[in-house]
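The structure under discussion appears below in the form of structure tokens.
The values are calculated or read from the model by the stated rules, or taken from the named source; none is laboratory data. All values derive from a computational prediction rather than experimental measurement. Neighbour counts are summed over all protein chains in view; Cβ atoms, including those assigned to glycine, are modelled from backbone coordinates with ideal geometry.
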Amino acid sequence: MKTIRIILTLLAVLGLGQAVWAQAEKGTVLIKNGTVLTVTKGTLTETDVLIREGKIVQIGKGIAAPQGVNVIDATGLYVMPGIIDAHSHIALDQINEGTNSITPEVNTGDALNPFEVEIYRALAGGCTVSHALHGSANSIGGQSQTIKHRWGTYDPNALKMEGAPRTIKFALGENPTGHGRRDGTQPQTRMGVEFVIRKAFSEAREYMAKWDAYNKAKAVKGFRGAPPAYSLRMETLADILKGNIIVHCHSYRADEIQMLLRVCKDFGVTKVVFQHTNEGFKVAPEIAAAGAMASVFSDWWQYKLEVYYSTAYNAAILARNGVVTSINSDSPDLIRHLYHEAGKTQKYGGLSDDEALALITINPAKQLGVESRLGSLEVGKDGDVAIFKNHPLSIYGVPQYTLVDGIVRFDRAKDAADQRLMVDPKQTVDVTMYENGHGYDFCMSGAEFLFEEESKENK
Amino acid sequence: MKKTLTIYGMIAAFVCAWVIVAEAQSPKGKPGTFALTNATVETVTKGTIANGTVIISNGKITAVGTNIQVPAGAEVINCNGKKIYPGMIDTGTKLGLLEIGQIPQATDERELGEIIPQMRAMTAVNPNATAIPVTRIAGVTTALVLPEGGLLPGTAALLNLHGYTPDQMYAGMEGVVLNFPNTGRRGFGDRRTEDELKKAAEKALATLNEVWDKAIQYHKLDSATGGKGVAYYPEMQAMVPVIRGERMLLIEVNAQKDIQAALKWVKEKKVKKVAFMGVAEGWREAENIAKANIPVIAGPVIAIPTREYDRYDAQYANPGLLRQAGVKVAIRSNEEGNGNYRNLPYHAGFATAYGMPREEALKAITIVPAEILGVADKLGSIEVGKTANLFVCDGDIFETKTQVSHVFIDGWMIPMQSRQTLLYEEFLKREPGLTKH
């Protein structure tokens, strides 16, 4: 074992292993003397965190810095797990396939853009990991990629969080029905949304049965016959039914949330996370009983009919009813201050510091199936850390350093104005944009031809 | 006798129960004389008073300080451990105009036409809009309601967020909105080329100048004839008070080039009463804005930078940099669309976290907007004689977790209730829960 490691190290030194290593650069660093908000194991004052080769190896007082290791002096600062956003569309060149009500064959992992400056800006808000979700134009959208904000890489694949479970986007309500109405296709109603999802699952069951029969027959000596036609669409749906993919379902109204719970129950799908979930508070007991989870906005409402009956107390009601809840951004602005969004649950529902911090750390980690590696400061977990001046739930909290896999990817003291990795030659210098991006969800990006007025494109 | 008593008792109990139920379902604002005692009073203009008392009577603040005699009959609210602030003023809202986004029937902020200053927000404001209680129980007591759209999309109104008619809400100020010709992109969906943008801006500026010159002529004719010799011309009639300096011109301008052009235009046209709004790239022109002595209403502060190559915190830092250069700065939330004007103190808080002194940021959402809009004699601070717009809370109002416990608008004690709080009460422990029986 030791020999293998030595050989690997030698290979790396010689540059032979570079291609592999470049994809997951890992750092060693000692964070000294901070107030450590572990989220899961309480708050530790004047405590050190040692990260070695991208993993947290020790948390305690008075850890001596190994020779040659970088030290960050966190005296007077707050050290928390890297913030995780379970609903984002940054670092994506494309968001919506939307050419059919069912497109599980596509994957946002194929549309990653490591040059988007929004990755850096997310880091400047302490956010180290996001869920690059497909859009919500169709009922079953594309598979989605969990990414680490490894700003600086030119390799799209290096953003992918290795080993993160597969996820897929579903969408209910106004977005898929609006899309259907404009296209003249199903679904155009919430009845239709349920139907297209049931139909897809049913067809996938038939597909699986055909392949099972074929594989069984093939095992018998002397079998002659052709295999069933291969379909990536059906393969993906089958993987959902087998529990290999976590469903992340864009939803607003209580009735449609219950609808999907029923459908999932009927088809044995258990890994379900509701996204937006603005009326989740109305059916919190049902969501909790089904073991489903919810990822919500802190306070957005009013931007369309299906969010009209929202309340900023949503996250607190869901949490108090036992639903694993996260606060997400769905916005290149909000992703930069999720700590503040989480803080709003203290105003709206009186959550404790640890409960509020869990909404942007361990809970989204659970929703992405990466809680064994992320979401809290514990020995053995990834070295994804955000270091704040002032408490992160305070309005005066300002991120100072953000580390991904033990590498400092944001350092406020060294922040230069222009952080672009590559200048787009088509971009004219003096053309500016100004809007905060609040007031609509970004889920319809790429499908904005549907809205003449409210169109917004994914840059 | 005994029986009669019982009947009276039952009637009394019934009446009480009825009153309680009625209150619980739709509580009303309450006028009266109130004494807020033992509070830390953030007067904004006259420092912080520890262990202070504020007396509210007949809609006005009648006393502020320590050793204040509580008037007979006053309702005393012990604010021990709490703070009192003047009501916050959000100078960037669509309150009452926009009920639900994406539903044309539920939005009234955008009329057809490029030159329509005669369209008044006051006309279309719905005093019963759902967003009004949501906003005011957070301590935002006053809002500038802005129409939007073309070059001159209408006349904005300043409203106090309590009342059943727009007149009851009127806070004494209207202003004509000008969207200054814009060389920047309006947003992610604006796909015009740079050339197209430039041409559109030039054309708009020519139109603006034409309108302005015409308005001057109209004003002269109107003055010369005592208002009798002019034809019905609603656009010009709406512009005349602006020409005369009786009404403010609120210029929405954001990109650096446009700010430069607007500074030049205001100077050339000698616009008398003017403020800039938005001013996202104000930090690039801070010295020149200060030199021109034009006040600004900056925001949203919690927003992404206007350019890809700008520092990530450009918008957070903008109000502080403007102030540092000597510009008079108000902060607005402009959280239109998602209905979150209640987040105004957080915009000021972010400005503070990224460099603006805290007292300046607090002024930027209280006294400074009042001064800019010309209503500082009534609003924006806790001083004797001012309108009793104020609120009580349990900490620093910029801090996210701070809870507002009492709000007064025009001296009325406001019910601390909105649809969002009602939903919380109903659904925190839903009944029936999972099972009905």
## Note on the structure
Of the residues in the stretch B:296-306, those that are at the interface with chain A (Cβ under 7 Å from one of its Cβ atoms) and without any contact (Cβ under 8 Å) to a residue 12 or more places away in the chain number 1
### Summary
Reported set for the stretch B:184-215 where residues are modelled with pLDDT of 85 or more and within 9 Å of chain A (Cβ to nearest Cβ) is B:197
### Query
If you go through the stretch B:139-166, how many residues are surrounded by fewer than 24 Cβ atoms within 10 Å (Cβ to Cβ), touching a helix residue (DSSP H, G or I) at 6+ places or on another chain (Cβ under 6 Å) and more than 21 Å from residue B:241 (Cβ to Cβ)?
2
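Output the residues belonging to the stretch B:297-345 that are touching a Leu at 6+ places or on another chain (Cβ under 6 Å) and not in a loop (DSSP other than H, G, I, E, B). So that I can check it myself, show each step before the final result.
So the first thing to find is which residues in the stretch B:297-345 are touching a Leu at 6+ places or on another chain (Cβ under 6 Å), and the list is B:329, B:333.
Residue satisfying the conditions is B:329 alone.
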#### Entry: Residues satisfying the stated conditions in the stretch B:398-428, i.e. within 22 Å of residue B:77 (Cβ to Cβ), touching a residue at least 60 places away in the same chain (Cβ under 8 Å) and surrounded by fewer than 19 Cβ atoms within 10 Å (Cβ to Cβ)
B:405, B:415, B:416, B:417, B:421
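When you check residue B:148 against the structure, is it within 14 Å of chain A (Cβ to nearest Cβ), among the acidic types (Asp, Glu) and part of a loop (DSSP other than H, G, I, E, B), yes or no?
Details: within 14 Å of chain A (Cβ to nearest Cβ): yes; among the acidic types (Asp, Glu): yes; part of a loop (DSSP other than H, G, I, E, B): yes.
Taking the combined requirement at face value, the residue satisfies it.
Against the definition (part of a helix (DSSP H, G or I) and surrounded by 17 or more Cβ atoms within 10 Å (Cβ to Cβ)), how does residue A:213 come out, yes or no? Don't jump to the end; show me each part of the working.
Numbers: part of a helix (DSSP H, G or I): yes; surrounded by 17 or more Cβ atoms within 10 Å (Cβ to Cβ): no.
Answer is no for this residue.
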### Query
Can you name the residue in the stretch B:104-133 that is free of Cβ contacts under 8 Å to residues at least 24 places away in the same chain and within 12 Å of chain A (Cβ to nearest Cβ) and, of all such residues, is surrounded by the fewest Cβ atoms within 10 Å (Cβ to Cβ)?
B:105
#### Entry: Enumeration of residues in the stretch B:114-138 that are within 20 Å of residue B:173 (Cβ to Cβ) and not aliphatic (A, V, I, L, M)
B:117, B:118, B:120, B:123, B:126, B:127, B:135, B:136
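For (1) in the same structural domain as residue B:299 (by TED's automatic domain parsing); (2) crowded, with 24+ Cβ neighbours inside 10 Å; (3) under 15 Å from the mean Cα position of the chain (by Cα); (4) modelled with pLDDT of 95 or more, each residue gets a yes or a no:
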site: B:356; (1), (2), (3), (4): yes, yes, no, yes
site: B:366; (1), (2), (3), (4): yes, yes, yes, yes
site: B:372; (1), (2), (3), (4): yes, yes, yes, yes
site: B:392; (1), (2), (3), (4): no, no, no, yes
site: B:396; (1), (2), (3), (4): no, no, no, yes
### Checklist (1) away from chain B (no Cβ under 14 Å); (2) crowded, with 24+ Cβ neighbours inside 10 Å; (3) at negative phi applied to residue A:190, failing item
(2)
### Query
Of all the strands (runs of 3 or more DSSP E) wholly in the stretch A:20-88, which have at least 3 residues that are at pLDDT below 95?
none
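Looking only at the stretch A:89-100, which residues are surrounded by 14 or more Cβ atoms within 10 Å (Cβ to Cβ) and part of a loop (DSSP other than H, G, I, E, B)?
Of all residues in the stretch A:89-100, those surrounded by 14 or more Cβ atoms within 10 Å (Cβ to Cβ) come to A:89-98, A:100.
Answer for the stretch A:89-100, where residues must be surrounded by 14 or more Cβ atoms within 10 Å (Cβ to Cβ) and part of a loop (DSSP other than H, G, I, E, B): A:89, A:90, A:91, A:93, A:94, A:95, A:96, A:97, A:98, A:100.
Which ones in the stretch A:101-120 are over 20 Å from residue A:197 (Cα atoms) and part of a loop (DSSP other than H, G, I, E, B)? Don't jump to the end; show me each part of the working.
Taking the stretch A:101-120 and keeping what is over 20 Å from residue A:197 (Cα atoms), we get A:108-120.
A:111, A:113, A:114, A:115, A:116 - these are the residues of the stretch A:101-120 that are over 20 Å from residue A:197 (Cα atoms) and part of a loop (DSSP other than H, G, I, E, B).
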### Query
Does residue A:425 meet the test of being at pLDDT below 85, more than 9 Å from chain B (Cβ to nearest Cβ) and either surrounded by fewer than 20 Cβ atoms within 10 Å (Cβ to Cβ) or over 28 Å from residue B:181 (Cα atoms) (or both)?
yes
### Task
Just give me the residues in the stretch A:121-134 being assigned to a loop (DSSP other than H, G, I, E, B) and within 14 Å of another protein chain (Cβ to nearest Cβ), in sequence order.
A:124, A:125, A:126
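The rows are residues; the columns are (1) touching a helix residue (DSSP H, G or I) at 6+ places or on another chain (Cβ under 8 Å); (2) over 15 Å from residue B:266 (Cα atoms); (3) buried (at least 16 other Cβ atoms within 10 Å of the Cβ); (4) not small (Gly, Ala, Ser).
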| site | (1), (2), (3), (4) |
| --- | --- |
| B:168 | no, yes, no, yes |
| B:176 | yes, no, yes, yes |
| B:191 | no, yes, no, yes |
| B:197 | no, yes, yes, yes |
| B:204 | no, yes, yes, no |
| B:223 | no, yes, no, no |
| B:226 | no, yes, no, no |
| B:241 | no, yes, yes, yes |
### Query
Which members of the stretch A:366-382 meet the condition of being more than 21 Å from residue A:53 (Cα to Cα) and of a type in the set (A, V, I, L, M)?
A:368
### Enumeration of residues in the stretch B:318-347 that are of a type in the set (Gly, Ala, Ser), within 12 Å of chain A (Cβ to nearest Cβ) and under 14 Å from the mean Cα position of the chain (by Cα)
B:333, B:339
